Amino acid sequence: MVLQSLKSCLWLSCILRTPKACFWSTASGGLIIQSVSNDIYENLAVEDWIHDHMDLEKQQVLFLWRNSPSVVIGRHQNPWQECNLRLLRQKNIKLARRRSGGGTVYHDLGNINLTFFTTRKKYERTENLKLVVKALKALRPQLDVHVTDRYDILLDRQYKISGTAAKLGRTSAYHHCTLLCNADKLVLSSVLKSPYKGLKSNATPSVPASVKNLFEEDPSLTSEMLLDAIAKEYATQHQIDHHVNLINPADEALLPGISNKTKELQTWEWVYGKTPKFSVSTCLNMAYNGSVLDVKVNMDVKHGKIEVCNIDLPEQWLPPGLYSELVKSLTGSKFCPNEITTLVTTLLRVCPQDDELHSRWSLLCENMIMLM
Amino acid sequence: VCIHRVRSCSSIRFIKSKYVCVFDKSALKFSHQQRLFRTSAVSCGQIVQFKLSDIGEGITEVTVKEWYIKEGDSVSQFDSICEVQSDKASVTITSRYDGVIRKLHYSIDDIAFVGKPLVDIEIDASKGVAPEEDVVETPPMSHEEHTHQEIKGHKTLATPAVRRLAMENNIKLSEVVGTGKDNRILKEDILNYLAKQTGAILPPSPKAEIVPPLRKTETVPAAPKDKARKIPVPISRPIAFSGKDKTESVTGFQKAMVKTMSAALKIPHFGYCDEIDLTQLVQLREELKPLAELRGVKLSFMPFFIKAASLGLLQYPILNASLDENCQNVTYKASHNIGVAMDTEQGLIVPNVKNVQVCSVFDIAVELNRLQSLGSAGQLGTSDLTGGTFTLSNIGTIGGTYAKPVILPPEVAIGALGKIQILPRFNGKGEVFKAQIMNVSWSADHRIIDGATMARFSNLWKSYLENPASMLLDLK
């Protein structure tokens, strides 16, 4: 513990001296750090911080992290298209949007994340993945793992155990990947299945794959063992000592400005608002008074907000004044069940107090909210 | 316009032929003329095509995913221009120049090619263009020479234009506070620094001298004169306030508030306030809290307030009614669906506890717990938020004593509860004792509710809370 805090002090003094942080290390060439936090937003913020502030010219960095149950979508993806948001809300699974490209992944403590930080020039994904494969084979020589040309790692030539994404900036770059050790596959498959129909967008789609945990192949493997093996291989290849530095993403003194980065990653504007423009074109099947009403709905959503909204209701099913109030309220609002619920229930206050009208209104609104 | 352009052209001789120079005669098209005419008030700049640089890994094409700037925007070197994606890699493209964006060569979702123009940037002619390769990234060392200035072991970020400005004014960059990204020093920072020294905004001039006040003078008689000349006269600094008004459209929760409150305005409100001695209730709650916790429920004061209100409404049902639009009919609601105002991150929401008239205090506590956790998670359903007949607002948890609550249509009454304060009061024997006092402020629709009704309801509610045992008599 004392050694750890001493290192942190030197670390800190290094940062204070120069505007661009220069992490202390016994030998230059590489640095291995591991997060003590399991919060997806805090860990993504650490990646941002290193990308923005660290000078990677003399020293490359390997960042090891794990998260509590979360779904992470790529920079240019559509969360409605990629996952079951209703299920996420129910199960209290966090949703995060990372800054790198690529597809959607499910994280829990049975999945480990590795981020390789280099300068822009030294950005090389295949080498990083080969390092991981080498580490796995050193740990368990009988494992049949290899890197594909899509930068996935496959087990037994069949099952995906790792997916990759990358972010390139002006002078620095990072490549991160997952590694399935013992993740909950049932939850994984249920949350990564979108129930939302009629979505049309140019957002990057995910490519679904059959996955398998390394634990299933060899029950003696644990996440800790994998982390250790990879750290060891990285240390060997970078000729540094095999020491993993623990960092706390909530430490503002060590990482100045990190709490702002963490906060930004949690805002609705980032998670949902950065969704590329998309349209929803679907049919609500509403059971009312013994019959089923087919109601066509068309919406355009930009920056996560409803730009245009059309609901094809039978004539006079709702008083025209009320219908136009509804459309007017929906336009410009967030495509978010919470916001829409508040809006429509409030609108009901200023409607004529008619039970029939209220039940129709509730039926329509509840169906609309199901789309979000 | 013609002469100006020719002059600018002749001064830029070191430009490599690679860059497209708009000032050749063949470019004298109508559209270009228009563009130049607009900018002729400022110095006529040179349009440079900023090409998409190498991404690495042999990638030749990318998809443009987001533009951070639009045509007409000013950019500084290193500002983000756009985000492109290629095969799971998201790349932020930053500007190599200071200037104004004149043309975007791609729209969102277009395929962009490495080595081809991405944007056209108009560069200020007097600043010139750094002769850099525009395809391959220059080696980091020479890159740093261009952009960093090492002073006393500190690396200071500043664009070439800013460095020139500092040099012309004999300013040490290490003494200037940078306000740009990564503590970069911007042109504004240099100008602010100058203003602080001399009390005025100076144009860049090599003659302006910044002299520290403790400078030694050479001759004694000249000393006072020298000092008078050299020591900067402290003029009140112009306080630079760079805040701008921010306009946002009213959407979502705010829109809902606007609708409700506009409708509420039509209701003629009257207010009635009182103070309640909660000493006995505080004691009772202390006793019951652990019991509730054993059952897994957090017990606050609200369940008591809500149940007492319902008992009161049984005696004064007009307070649980609704007046129709034309004020023709009053509907006495059978259910006591008592709303509880909740403050969430997004704003005010009012879920209600249904049928309080048949709920026990514990039932109400359970339901409140459920509504509170859903409310803070932003997961309340439409049925939780509709059907309310009467509302209580516990603003006292935040603060305040008396309030003037606004009735939420289609209801006709609302109560705001202030915070509980420990105050001295006199008892029956004339002795001073410590009392737990809470203020309540009622508002009611004066069209159908009169002051006397409100007062009597309030007294009944008050009596139940001041003497909780009396609630037992009337519980159904």
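The distance from the alpha carbon centre of segment A:190-220 to that of segment A:111-175 is 19 Å, rounded to a whole number. With a simple spin-label model that places each label point 7 Å from the Cα along the Cα-to-Cβ direction, the separation between B:Glu345 and A:Lys185 comes to 3.5 nm. Under 1.5 on a/c is rounded, so check that first for segment B:268-473, then, if it is not, pick prolate when a/b is larger than b/c and oblate when it is not; a ≥ b ≥ c are the square roots of the alpha carbon gyration tensor eigenvalues. Oblate.
Annotation note: GluC sites (Glu not before Pro) in segment A:162-267 located in DSSP loop regions with a Cβ neighbour count of at most 15 within 10 Å are A:Glu252.
Per-residue ellipticity at 222 nm computed for chain A from its helices equals -11000 deg cm²/dmol, with DSSP H segments shorter than 4 residues left out and the rest contributing -39,500 (n - 2.57).
Within straight-line reach of A:Lys277, meaning a Cα separation under 18 Å, sit the following aspartates and glutamates at least 8 residues removed in sequence or on another chain: A:Glu82, A:Glu269, A:Asp300, A:Glu307, B:Glu66, B:Glu83, B:Asp109, B:Asp110. For segment B:46-123, the Stokes-Einstein estimate of translational diffusion at 25 °C and a viscosity of 0.890 mPa s comes to 199 µm²/s, using the Kirkwood hydrodynamic radius over alpha-carbon pairs. Diffusion coefficient of segment A:278-371 by Stokes-Einstein, Kirkwood radius over Cα pairs, 4 °C, 1.567 mPa s: 95 µm²/s.
Mind sorting A:Met286, B:Met261 by how few other Cβ atoms lie within 10 Å of their own Cβ, fewest first?
Lowest to highest Cβ neighbour count: B:Met261, A:Met286.
Taking the DSSP bridge list for chain A and keeping only pairs wholly inside it, about 75 percent are antiparallel. Taking a point 7 Å from the Cα of A:Arg150 along the Cα-to-Cβ direction, the residues of segment A:188-217 with backbone N closer than 11 Å to it are A:206-210.
Separation of the alpha carbons by more than 20 angstrom is noted, of A:Lys122/A:Lys261; A:Lys302/B:Lys70; A:Lys122/B:Lys70, for A:Lys122/A:Lys261; A:Lys122/B:Lys70.
Of the residues B:Cys327, A:Cys351, the one with the fewest other Cβ atoms within 10 Å heads the list, and the complete ranking is B:Cys327, A:Cys351.
Before anything else, pin down the relative contact order of chain A: Cα pairs under 8 Å, at least 6 apart, normalised by residue count, whole percent.
Reported as a whole number, the value is 17 percent.
What pairs in A:Lys160/A:Lys232; A:Lys121/B:Lys246; A:Lys91/B:Lys259 have C-alpha atoms more than 30 Å from each other? Listed pairs above 30 Å: A:Lys121/B:Lys246; A:Lys91/B:Lys259.
Read-outs: derived from the displayed coordinates by stated rules, not from any lab. Small disclaimer: the values here were computed from a predicted structure and weren't measured. Counting neighbours? That spans all protein chains shown, and the Cβs are built from the backbone with ideal geometry, glycine included.
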